[in-house]
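Chemist: One structure coming up, written as structure tokens, with questions to follow.
No value in this document is a laboratory result; all are computed from the given coordinates. Quantities reported herein were computed from a predicted structural model and do not represent experimental measurements. Here Cβ is always computed from backbone atoms with ideal geometry, including for glycine, and neighbour counts include all displayed protein chains.
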Amino acid sequence: MLNKKTKNRSLIFFLFSLVLIIGIFISIKVLEDNVLYFLSPTEIKEKQNLNFNKKIRIGGMVKKDSIIVNKKEIKFIVTDFKNEIIVSYKGAVPNLFAERKGVVVEGILQDKKFFVAEKILAKHDENYMPPKEENNVK
């Protein structure tokens with residue numbers, strides 16, 4: 001038989017394990033709701049059950065000669081070289097935003113060909129160096 005001290009230790013270990021498992025489960029559920037993965041234009045075209053009211057991210061390249069700047073908004077095309085999506089954005093664009101560069105836009109999909117962005121995240125390649133550093137290397 002187990003003595004009282006061993007039973008208490010077993011109970012404490014069991015309760016601690018239970019609290020830990022519940023805490024991990026709650027953390028994963030909270031993170032799952034807040035994570036936004038980006039989809040390519042081809043994935044959006046092929047996806048059958050899209051939620052047009054949910055915020056998503058779209059990633060790809062800014063198509064050459066596609067940037068149109070108006071007074072109120074900027075429109076451009078995001079492509080993965082198979083399919084394209086027209087993006088409309090109101091606001092300031094990042095310095096790294098340019099044609100033929102990688103971009104991730106966050107916002108709401110109107111339909112499978114038109115996207116209203118709330119945020120633009122310009123991507124740089126892995127060889128990026130700040131301007132000061134770049135001048136020293138050359």
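Chemist: With charges only on Cβ, +1 for K and R and -1 for D and E, what is the dipole size of segment 38-122 about its Cα centre, in debye, rounded to 20?
Modeler: My answer is approximately 120 debye.
Chemist: Taking Cα pairs under 8 Å and at least six residues apart, what relative contact order does segment 18-97 come out at, in percent?
Modeler: Value for segment 18-97: 23 percent.
Chemist: Further question: Using the structure shown, list the pairs from K75/K112; K47/K75; K47/K90; K45/K113 with a Cα-Cα distance above 20 Å, or answer none.
Modeler: Beyond 20 Å between Cα atoms: K47/K75; K47/K90.
Chemist: Pulled fully out, how much extra length does the chain show between V116 and S27, if you take 0.36 nm times their separation in residues and subtract their Cα-Cα distance?
Modeler: Numbers: separation 89, 0.36 × 89 = 32.04 nm, distance 3.06 nm.
Residue separation times 0.36 nm, minus the Cα-Cα distance, leaves 29.0 nm.
Chemist: Here's something else I'd like to know. With everything on Cα atoms, drop me the angle between helix 4-34 and the longest principal axis of the chain, reported from 0 to 90° to the nearest 10.
Modeler: 10 degrees
Chemist: Taking the Cβ of E99 as the centre, find all other residues whose Cβ is under 12 Å away and add up their charges (Lys, Arg: +1; Asp, Glu: -1).
Modeler: In short, +3.
Chemist: If you don't mind, another one. Using a Förster radius of 41 Å, what is the FRET efficiency between T6 and I108 based on their Cβ-Cβ separation? Nearest 0.05, please.
Modeler: Efficiency, from the Cβ-Cβ distance: 0.10.
Chemist: Once the dipole of the chain is set up with Lys and Arg at +1 and Asp and Glu at -1 on Cβ about the Cα centre, which of I58, T6, S27 lies farthest towards its positive end?
Modeler: Selected residue: T6.
Chemist: Going out from 0 in 5 Å bins, what whole percent of all Cα-Cα distances in the chain drops into each bin?
Modeler: Per 5 Å bin, starting at 0, the Cα pair percentages come out as 2, 9, 15, 15, 12, 9, 8, 6, 5, 5, 4, 4, 3, 3, 1, 0, 0.
Chemist: Give me the Debye-computed log₁₀ of I(q)/I(0) at q = 0.19, 0.20 Å⁻¹ for segment 1-52, equal point scatterers on Cα only, no solvent, two decimals.
Modeler: Each listed q maps to, in turn, -0.79, -0.82.
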